[in-house]
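Here is the structure we will look at.
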Amino acid sequence: MAKASGNKNEIGIKYSDKSVGQPEMVKIFKEIKKLFVPYEKGLVSMRGGDGGQVALVSEKELVIDGKKKTEMWFAAALVQKGYVGFYCMPVYADGGTKKLLGAELLNCLKGKTCFHIKKNDSVIFQQIKDALKVGYDYYRKKGWV
C-alpha cells in the first residue's frame, strides 16, 4: 500500500473505482468496512471509505529495523474486479499471526497479506473480525498503535 497524499483521509494509491456494476462486491466491501470501525481509535485513523477503498493506518511515528516511519498500515479493503481485496498487514509483520487465522479465511489468501473475498459469507466475516483483533493485539504488543 502506498503512502497517503497530503490529505489524511486519502489512501494515495492510483485507483479507479471498480465497484460500479459490481453490487455484490460493494456489499462485501461495506461489511468489511463495518468491521474496521472499532479500530478507528487513538492513533489509528480510517482513510478512504468511499469509492471502494478503505484503510486503517496507525499514525504513530516509529523506528522499525532502524528506519523511521511516520505511519504503519494495519488493514485495508479494496474492491477489485470479481473480489474484494482484504489486506491484513500484521500477517506480513509476523508470520506466526497467520497461524491464528481461520481456515476459510486462509483459503482466500492469494499473496502475503491479500485475501480475495468473493462471497458474502458470515463465517469469513467472523474470521476477518478475528484476524483484525489478533492483528491489533500484535500491533499493540509491539507498540505500533
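Data table
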{"item": "Residue-span extension gain [K81 to E24] - 0.36 nm each, minus C-alpha spacing", "result": "19.4 nm"}
{"item": "Whole-number percent relative contact order across the chain, with pairs defined as alpha carbons under 8 Å at least 6 apart", "result": "22"}
{"item": "Derived scalar couplings ³J(HN,Hα) [the range 22-27; Karplus, 6.51 cos²θ - 1.76 cosθ + 1.60; whole Hz; x for Gly, Pro]", "result": "10, x, 5, 5, 5, 4"}
{"item": "Distance violations [Cα-Cα > 23 Å] among K60/K110; K30/K119; K33/K112; K119/K141; K33/K110", "result": "K60/K110; K119/K141"}
{"item": "Per-pair calculated FRET efficiency, R0 = 35 Å: E40 and A103 via Cβ, rounded to 0.05", "result": "0.80"}
{"item": "Size of electric dipole in the chain: Cβ of Lys, Arg +1 and of Asp, Glu -1, about Cα centre, debye, nearest 20", "result": "200"}
{"item": "P(r) histogram, all alpha-carbon pairs of the range 9-145 included - 5 Å bins from 0, percent", "result": "2, 10, 21, 24, 21, 14, 6, 2, 0, 0"}
{"item": "Helix-derived mean residue ellipticity, 222 nm - over the chain, DSSP H n ≥ 4, -39500 (n - 2.57), to 500", "result": "-9500 deg cm²/dmol"}
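Taken together, the values in this text are just the output of simple stated rules run on the coordinates, not laboratory data. Quick caveat: nothing in here was measured; it's all calculated off a predicted structure. Cβ coordinates were reconstructed from backbone atoms using ideal geometry, including for glycine residues, and neighbour counts include every protein chain displayed.
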